[in-house]
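K.L.:
Questions regarding the structure given below will be posed in turn.
The values are calculated or read from the model by the stated rules, or taken from the named source; none is laboratory data. Note that this is a predicted model, so its numbers are computed, not measured. In this analysis, Cβ positions are derived from the backbone assuming ideal geometry, glycine residues included, and neighbour counts consider all displayed protein chains. Note: accessible area is taken over every heavy atom of the protein model, side chains too, but ligands, DNA and RNA are not part of it. Shrake-Rupley method; radii C 1.70, N 1.55, O 1.52, S 1.80 Å.
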Amino acid sequence: MKLVDAETEKVYRVVAIEGGCHSKDRLIKLGILPGVEIELKRKAPLRGPFMVSLNGSDIVVGRGIAAKIEVEELV
Amino acid sequence: MTTIALVGQPNCGKSTLFNQIAGYKSLAANFPGATVTYTKGTTYIDNELVEVVDLPGTYSLSWYDDAEKETVKALFSMDIDVIVNIIDASMLIRSIELTLELMALEKPMIVALNMMDEAKKKGIQIDTKKLEEIIGVKIVPIIAKKGKGIKELLASIQNAQKPKKRCVYQKEAEETIKNLSGCIAENVKDIKWPSKLVAIKAIEGFSECEEVVENSPCKDLLNIAKDKLNNGMTIINQRHALCMNIFEHSTKLTKPPKKSIESRIDDFLMHPFLGYVFMLAIFVAIFYGVFTGGSPIENFVISIFDTVDNYLAQLITNKLVFAIAKGAADGIGAAIGIALPYLLPFLFIISLLEDVGYLPRIAYLMDSTMHKMGIHGTSVIPFVAGYGCSVPAIMAIRILKSKKEKYISAFLASLVPCSARTTVIMGLVGYFLGWQYVIALYALNLFVIAVSGVILKKMLPGISPEMIIDIPPYRMPTVKTLLLKTWHKVKDFVYLAIPMLIVGSIVLTLISYYNLNPYINNIFKPVLTGFLGLPSALGVVLIFGILKKELTLIMLYQALGLSSISMLSSVMSPTQMLTFTIFVIFYIPCVATIAAINKEIGTKGGMLITVGTTALALILAFITKITAPLFI
Ligand SMILES: Nc1nc2c(ncn2[C@@H]2O[C@H](COP(=O)(O)OP(=O)(O)O)[C@@H](O)[C@H]2O)c(=O)[nH]1
């Protein structure tokens, strides 16, 4: 599933990042790349951005970008 | 002279370190990417003068925005003797990515491991000796904020060595890269980057490097490499694994991470409902504080410059010379009258919000609203700053990524009523019509900004890439850096706006010296009187407003031949006041703002915004003229 459809306070593993090479590069630089675990911390209301947390740092990504991050839930 | 470059990711404490070693000349910010232009300073190491260059924070050598691009360009175009790579010890994994890239440049290099106190608090214990061994670069642990470890850092800068190791990929990947980089070394001569780095970046799809390779005989090799290495994902994964590996071998976690105070504060400040309530409360408090506190100071400044004018009148007998001198004095007076009471406190508070770490959180809250206008949460700085003065607001658009975003933000930020326009709203509408009209005007202003944004988003070509920002932890800023940073922002105003204000004032006094007012009024009469139903004497007032908006109110009653503002209600009807104020809120930004817009997005953009806002002002004022009598 995509990060946009994820639930808050759950941990996911990034499976793939599609599309736009520029934002993909930035995501990778911030540590969001296939294989890593991220926690979806909060979603802003009104179709706003998503805040995820990994390795102790918080990163906010726009909704459109969250739609391009494929994740799977960790159980 | 030896030149040292400070390179690090945003928020690693780079500006703080710069302030520590090179005097207090740089700015420290907690908003990712806020250090935009680089700053230079000098310091002595063992009696030898060295130059220190503070480059904008960057996550990597493949840039994402203009600020990062500046860093990368500077790294390759300046003669840099030593690279000091500052890394945030509490975010080691991600920081090492940049370190590995910098190592590829093969220049003498030192790693300053900053925020050791924060890492300790988070329970991260770093074995610096071990880390040094693994990566092969000298590491100095520091706490920039407290000035700890700076001496050791300076001493090691003197003995800085080239990296002893290199980032090595697995055999197959390494061979593929080598093939391509060999070809690049032979065929692409006019590039300053090491060929291996170009090869890696091109494989990873960084367009600037890709282009260079695609226009060379190495094009086919690049395609082969991309195929083999899964469009670069293979090397990215290997590098990340390497970073993880380095982290695991050099670091021990002593405490299991638990829910920090930080995320508890965030639960409130970023709350889907309370977060907005709090944000609104903060802004109302700031505006109320700055404007009620500022107006007595402004009056005081004006009274001083009135005395200066009187003095000049006695001193200079030649009327023309006096007119020019008075114009210059008035210009300086107006600049100080705005800068001191409103701009300075305002920019200080913005710096505070920035350094504490609140601005990125506002960006998060506002992103969805701003998204609908074709911009993103990162544009909050231009907006918030716009209520103080449009000049620093326009300059803040530099951190935005796409051209489209810059255009829209510049247009919208110039519609935000700056403190000069606020004095007109308060002095005219607030004084004569009551506060409910003031609130209505601000609401209308926000509404118009929103609608203009939506329209511009549709009209302008191109896309605006979405926001990806790093939310820094809450940090207590130091007063010193805050003051410096405020100064850094006021400086824009001083250098750009004050000369404009002075020239503007001189032009204005010359207009009245040569008695050109009637001519000017005549030119504007058809529009002003015919279209908007305003007294024709206001033509010259509006011209004054382009040069200096803060004079609008004073000019208004002078132009109408009144001895004080309170008599205004006898010559202007409430409808006329409202029409006039609305026109003033929206029409052409002042000359200083136009100059800033030209600088940031080009002259064409400046023209478009000037024409666009004036057209908007005319339409809105006309609508006001027709509809106001219905409810006033
Ligand atoms: N706890 C701690 N905070 C620091 C340290 N160095 C800098 N800071 C704070 O980190 C924030 C960001 O620093 P700044 O110099 O603006 O980072 P830059 O964006 O890299 O220039 C500021 O609030 C500083 O006061 C440090 O060693 N320890």
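K.L.:
Return the residues of region B:432-480 that are within 14 Å of another protein chain (Cβ to nearest Cβ), aliphatic (A, V, I, L, M) and outside any helix (DSSP H, G or I); say none if nothing qualifies.
P.N.:
B:463, B:467, B:468, B:469, B:471
K.L.:
Under 6 Å between Cβ atoms, at least 6 apart or on separate chains: pull out the pairs that start in region B:468-494 with a residue that is outside the structural domain of residue B:19 (by TED's automatic domain parsing) and over 14 Å from residue B:347 (Cβ atoms) and end on any residue that is of a type in the set (S, T, N, Q) and within 13 Å of the ligand (Cβ to nearest atom).
P.N.:
Listed pairs, sorted by first residue: B:472/B:11; B:472/B:30.
K.L.:
How many of the residues making up region A:25-60 are touching a residue at least 40 places away in the same chain (Cβ under 8 Å) and surrounded by 22 or more Cβ atoms within 10 Å (Cβ to Cβ)?
P.N.:
First, pick out the residues of region A:25-60 that are touching a residue at least 40 places away in the same chain (Cβ under 8 Å): A:27, A:50, A:52.
Remaining after also requiring surrounded by 22 or more Cβ atoms within 10 Å (Cβ to Cβ): A:50, A:52.
Adding up the residues that qualify gives 2.
K.L.:
In addition: Taking region B:68-91 on its own, how many of its residues are more than 14 Å from the ligand (Cβ to nearest atom) and within 14 Å of chain A (Cβ to nearest Cβ)?
P.N.:
2
K.L.:
When region B:252-305 is examined, which residues are found to be within 14 Å of chain A (Cβ to nearest Cβ), open to solvent by less than 60 Å² (accessible area, probe 1.4 Å) and modelled with pLDDT under 85?
P.N.:
Across region B:252-305, the qualifying residues are B:260, B:262, B:263.
K.L.:
I need the strands (runs of 3 or more DSSP E) fully contained in region A:15-75, keeping only those with at least 3 residues that are within 7 Å of another protein chain (Cβ to nearest Cβ) and at negative phi. Explain how you work it out, then say what you get.
P.N.:
Values: elements: A:37-43, A:50-54, A:57-61, A:69-73.
Once the strands (runs of 3 or more DSSP E) in region A:15-75 are filtered for at least 3 residues that are within 7 Å of another protein chain (Cβ to nearest Cβ) and at negative phi, what remains is A:57-61.
K.L.:
If I filter region B:123-150 down to residues being of a type in the set (D, E, K, R) and open to solvent by 70 Å² or more (accessible area, probe 1.4 Å), which single residue comes out as nearest to the ligand (Cβ to nearest atom)?
P.N.:
From region B:123-150, those of a type in the set (D, E, K, R) are B:127, B:129-130, B:132-133, B:138, B:145-146, B:148; that's our starting set.
Now narrow it down to the ones that are open to solvent by 70 Å² or more (accessible area, probe 1.4 Å): B:127, B:129-130, B:133, B:138, B:145-146, B:148.
Numbers: B:127: 19, B:129: 20, B:130: 21, B:133: 24, B:138: 19, B:145: 4, B:146: 7, B:148: 8 Å.
So, considering only residues that are of a type in the set (D, E, K, R) and open to solvent by 70 Å² or more (accessible area, probe 1.4 Å), the one nearest to the ligand (Cβ to nearest atom) is B:145.
K.L.:
While we're on this one: Can you find a residue that is within 16 Å of the ligand (Cβ to nearest atom) and in contact (Cβ under 8 Å) with a residue 40 or more places away in the chain anywhere in region B:514-525?
P.N.:
As a first pass, look at region B:514-525 and keep what is within 16 Å of the ligand (Cβ to nearest atom): none.
Within region B:514-525 (the criterion being within 16 Å of the ligand (Cβ to nearest atom) and in contact (Cβ under 8 Å) with a residue 40 or more places away in the chain), the answer is no, since none of the residues qualifies.
K.L.:
Could you please find all residues in region B:46-99 being out of contact with any strand residue (DSSP E or B) (no Cβ under 8 Å at 6 or more places or on another chain) and outside any loop (DSSP other than H, G, I, E, B)?
P.N.:
Of everything in region B:46-99, those that are out of contact with any strand residue (DSSP E or B) (no Cβ under 8 Å at 6 or more places or on another chain) and outside any loop (DSSP other than H, G, I, E, B) turn out to be B:66, B:67, B:68, B:69, B:70, B:72, B:73, B:76, B:77, B:93, B:97.
K.L.:
What helices (runs of 4 or more DSSP H), lying completely within region B:556-616, carry at least 2 residues that are assigned by TED's automatic domain parsing to the domain that holds residue B:497 and within 16 Å of residue B:425 (Cβ to Cβ)? Reasoning before the result, please.
P.N.:
Numbers: elements: B:568-571, B:574-586, B:591-601.
Filter on region B:556-616 gives B:574-586.
K.L.:
Looking only at region B:554-574, count every residue that is open to solvent by 30 Å² or more (accessible area, probe 1.4 Å) and hydrophobic (A, V, I, L, M, F, W, C) and tell me the total. Before the answer, list the steps.
P.N.:
The first filter runs over region B:554-574 and keeps only residues open to solvent by 30 Å² or more (accessible area, probe 1.4 Å), leaving B:554, B:557-561, B:563-567, B:569-571, B:573-574.
Checking the rest, the ones that are also hydrophobic (A, V, I, L, M, F, W, C) come to B:554, B:559-560, B:565, B:567, B:571.
Within region B:554-574, residues that are open to solvent by 30 Å² or more (accessible area, probe 1.4 Å) and hydrophobic (A, V, I, L, M, F, W, C) number 6.
K.L.:
Considering only residues that are under 30 Å from residue B:327 (Cβ atoms) and over 17 Å from the mean Cα position of the chain (by Cα), look in region B:441-499 and name the one that is farthest from the ligand (Cβ to nearest atom). If you could, list the steps in order and put the result at the bottom.
P.N.:
Going residue by residue through region B:441-499, those that are under 30 Å from residue B:327 (Cβ atoms) are B:486-499.
Of the ones still in play, those that are also over 17 Å from the mean Cα position of the chain (by Cα) are B:498-499.
Values: B:498: 27, B:499: 29 Å.
Among those that are under 30 Å from residue B:327 (Cβ atoms) and over 17 Å from the mean Cα position of the chain (by Cα), it is B:499.
K.L.:
For region B:169-202, what are the residues that are charged (D, E, K, R) and surrounded by fewer than 21 Cβ atoms within 10 Å (Cβ to Cβ)? It would help to see each step written out before you state the result.
P.N.:
Start the filter on region B:169-202 by keeping residues that are charged (D, E, K, R), which leaves B:171-172, B:174-175, B:178, B:186, B:189-190, B:192, B:196, B:201.
Listed by number, the residues that qualify are B:171, B:172, B:174, B:175, B:178, B:186, B:189, B:190, B:192, B:196.
K.L.:
Given the conditions (1) within 9 Å of chain B (Cβ to nearest Cβ); (2) buried (at least 16 other Cβ atoms within 10 Å of the Cβ); (3) farther than 19 Å from residue B:366 by Cβ, and given that residue A:3 satisfies all but one, which numbered condition is not satisfied?
P.N.:
Here residue A:3 clears every test but (1).
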